[in-house]
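Everything on this sheet refers to the single structure shown next.
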Amino acid sequence: MLNLSGRRRTGFCDGISRRDFLKIGGLCLGGLSLPEVLRAEAQAGVGKSHKAVIMVFLAGGPPHQDMVDLKPEAPSSIRGEFKPIATNVPGLEICEHMPRLARMMDKFAVIRTLVGAHGEHAAVQCHTGYPDVISKAQGGRPSLGAILSKLNGPVNESVPPFVGLSPRMGHKPWADNGEPGYLGLAHAPFTPNGADLPSLAKLGLSAGRLGDRKGLLRKLDGLRRDMDSSGSMAGLDTFSRQAFDILTSSALADALDVTKEDPRLRAKYGIGDMKNVDDGGPCCNDQFLMARRLVEAGARCVTIGFGRWDYHSNNFGQCRERLPKLDAALSTLVEDLHVRGLDKDVSVVVWGEFGRTPKINKDGGRDHWPAVACALLAGGGMRTGQVIGQTNRLGEIPKDRPVTFQNVFATLYHNLGISPSTTVPDRANRPMPLLDDFEPIQELI
């Protein structure tokens, strides 16, 4: 691999081979070099609008009746230990452990009747609108981030349009940042917390030699200056140059570096940690701030995997630990988007793969419940400050207004200015619509 401080190889007249630049672009995308990725992306065309989505996946299935659909009048075996509190939206109550969200629920829409889950412990339906079994049967449905990469391309050549921040987890389907499916690896997410960032070591830039991230940036900036002054940049293939731009520009590195923010704002988000819980993920609040910075830098879709919510035992103890972290990170993200004037362009969705059983089990937990789940939506120019749907007295099933995963996706596509009937080619070059159900949530648009 390219060794930036070692001896030069023969090749071009400046002593640096073309192969070196192609190796710079590898970035763990199944062997496909970054120049090839960029070449494939360009064939789709590049859009001018910078609408974006931040998607937060709560791995394991968050308990809807302990977060946004509490049932204080139900029997104790159903209602649990938490009390509802009033919000700044008259008549809307949420969990007492989310007080910051309660003070700004006018900036959120609550879906209490999300239906259509298949009960599988996987992120795929939250990324595509389709359960895993249907996605596979159709050749691998692309995630929303991959769709945006395909249809709109990059806003900034130095920042990937699709970034996935979910860390590695013991249960791999939870760590899914969103697959490109039949759109191909050219539209896979850049994953700095997964395989991509460590792969920079392949450049021969070990921590011992560079010391820290700033040392890496200085080294790459120096290489870029050397290349520009030698004139060799002009001789590179366009896509190799774009790949080089991504790795040598400070735009992506700056967006990922939350230490550049005011420490008071970072503290408001809540820093969290990167300690995995069992087979799930950590609660890294920094990633919400990172997502906002990435969107500002040019990303069109950022996905986050936040915590582990599969509480078959000690549901209330675990919720007491994690709900305040979600409360801090999510409330500050949405407030931050409004303060920066991004609330009309950036949509935020928070959800998990299904809900939890109304009845509390003998271990103080709630089990899997695909019959109904919840979601929180914000931004995107949506009409917020409202609740969509009601469940029955025990929170078992929708009483009215069931909403499907595809209805949510149709709403997100509407916010992005994309018709859900738009087609993209599958592996056999057949036109495939983005969704089968094109109907957005009318109350929100």
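Derivation of every value follows stated rules applied to the coordinates shown; laboratory data play no part. Computed from a prediction, not measured in an experiment: that's the story for all the values here. FYI the Cβ positions are ideal-geometry reconstructions off the backbone, even for glycines, and counts take in every protein chain you see.
Details
- Look at the alpha carbon pairs under 8 Å that are at least 6 residues apart: their mean separation over the length of the stretch 92-173 gives a relative contact order of 19 percent.
- With only the Cα atoms considered, the stretch 67-189 has a convex hull volume of 172 Å³ per residue.
- Globularity ratio of the stretch 332-403, using Cα Rg and 2.2 N^0.38 Å: 1.40
- Whether the stretch 301-445 is rounded, prolate or oblate, judged on the alpha carbon gyration tensor where a/c under 1.5 counts as rounded: prolate
- Alpha carbon convex hull of the stretch 284-356, projected area averaged over orientations, nm²: 5.3
- P(r) tail fraction, the stretch 314-372 - alpha-carbon pairs more than 15 Å apart, %: 65
- Burial order of peptide ranges 373-383, 71-81, 265-275 (average beta-carbon count within 10 Å, highest first): 373-383, 265-275, 71-81
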